[in-house]
Amino acid sequence: MNIQDLIGITTAQALLLAAMTFGAAYIRGLTGFGMAIILVPLFGLIVKPGEAVVIGILLQVLIGPVGLKVIYADAHRQSALMIAVFAMLATPLGIWLLMHTSPDVARLMIAAIAIGAFVLVLLPQRGGLRPGPKETALTGIASGILTGFAAMPGPPVVPFYLRQPIPPKEARASMMLVFFATAIAGTISAYVLGLANARLLWLSLLLFPSVLLGNWLGAKSFGRVPPTLWRSFVAGVLGLAGLSAVLRLLN
């Protein structure tokens with residue numbers, strides 16, 4: 001059995017996926033999020049939407065342990081852990097919804113999710129008070145559902161942190177901590193519910209070196225970008241993700 005039989009796509013398609021993965025991983029390393037938001041719509045050009053979601057989740061769980069000690073130290077642990085717990089509990093519901101949604105409807109909903117996140121980030125920052133327990137819990141639930149449905153835990157979490165007047169280092173680390181937790185829940189749920197399989201695991205492992213390299217380069221760039229420019233870049237990433245998802249619908 002050759003590698004193409006294991007992963008179920010051509011060599012050219014695998015190279016294209018690797019290039020997409022590298023670019024998305026660089027953005028993850030720089031911003032703390034964005035890998036799945038970018039990859040799922042783009043991967044949907046080559047594989048089925050459900051498979052794109054599973055690959056996105058698997059790649060996130062593979063890269064999650066990288067730099068975890070520093071991420072945990074820099075994060076606002078109280079809110080991040082609360083969001084993570086509620087997100088992990090809600091992730092199976094998102095996967096169940098994905099399994100019962102047609103590919104065309106799934107693509108439409110994924111596009112709407114990406115655009116909605118972009119709009120939320122553009123809203124003015126809140127005051128000095130942090131969100132309360134209710135808003136934090138609802139953010140976690142929404143993040144978990146979107147993890148299972150679209151491998152996109154970011155749309156609720158990114159505005160939650162970026163609309164607070166906190167340093168980019170804290171926002172980035174908090175988001176990355178949440179996303180690692182949702183990736184673990186998504187991986188377990190995908191296998192239990194039968195959405196994941198050995199072929200998608202092999203494909204994810206094949207793409208993982210691209211994730212490592214892109215994430216490393218992105219992390220090297222973080223800290224050299226002024227906070228205002230960093231926030232603008234984050235908003236731009238969400239906007240491009242929404243645009244790519246809409247273009248996928250029109251093709």
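Annotations for the structure displayed:
- Candidate set: region 176-231, residues that are under 21 Å from Gly29 (Cα atoms) and of a type in the set (D, E, K, R); chosen: the one modelled with the lowest pLDDT: Arg231
- Any hit, region 165-174, residues being under 25 Å from Arg107 (Cβ atoms) and not in a helix (DSSP H, G or I): no
- Pairing each residue of region 140-164 that is closer than 12 Å to Pro92 by Cα and of a type in the set (A, V, I, L, M, F, W, C) with any residue that is at pLDDT 85 or above and surrounded by fewer than 24 Cβ atoms within 10 Å (Cβ to Cβ), provided the two are 6+ apart or on different chains, yields C-beta distances under 7 Å for Ile141/Phe86; Ile141/Ala90; Ile145/Ala90; Ile145/Leu93; Phe149/Leu97.
- Answer residue from region 165-218, given it is open to solvent by less than 20 Å² (accessible area, probe 1.4 Å) and among the hydroxyl-bearing types (Ser, Thr, Tyr) and is farthest from Met88 (Cα to Cα) among those: Ser204
- The single residue among Gly50, Gly29 that is of a type outside the set (A, V, I, L, M), in a helix (DSSP H, G or I) and open to solvent by 10 Å² or more (accessible area, probe 1.4 Å) turns out to be Gly50.
- Residue selected from region 113-156 under the condition assigned to a loop (DSSP other than H, G, I, E, B) and within 22 Å of Leu39 (Cα to Cα), by the criterion modelled with the highest pLDDT: Pro153
- Residues (part of a helix (DSSP H, G or I), open to solvent by less than 70 Å² (accessible area, probe 1.4 Å) and of a type in the set (S, T, N, Q)) located in region 57-112: Gln60, Ser79, Thr91
The values are calculated or read from the model by the stated rules, or taken from the named source; none is laboratory data. Given the structure is predicted, the values throughout are model-derived calculations rather than measurements. Using ideal geometry, Cβ is built from the backbone for each residue, glycine included, and neighbour counts are taken over all protein chains shown. With ligands, DNA and RNA removed, areas are computed over all heavy atoms of the protein, side chains included. Shrake-Rupley method; radii C 1.70, N 1.55, O 1.52, S 1.80 Å.
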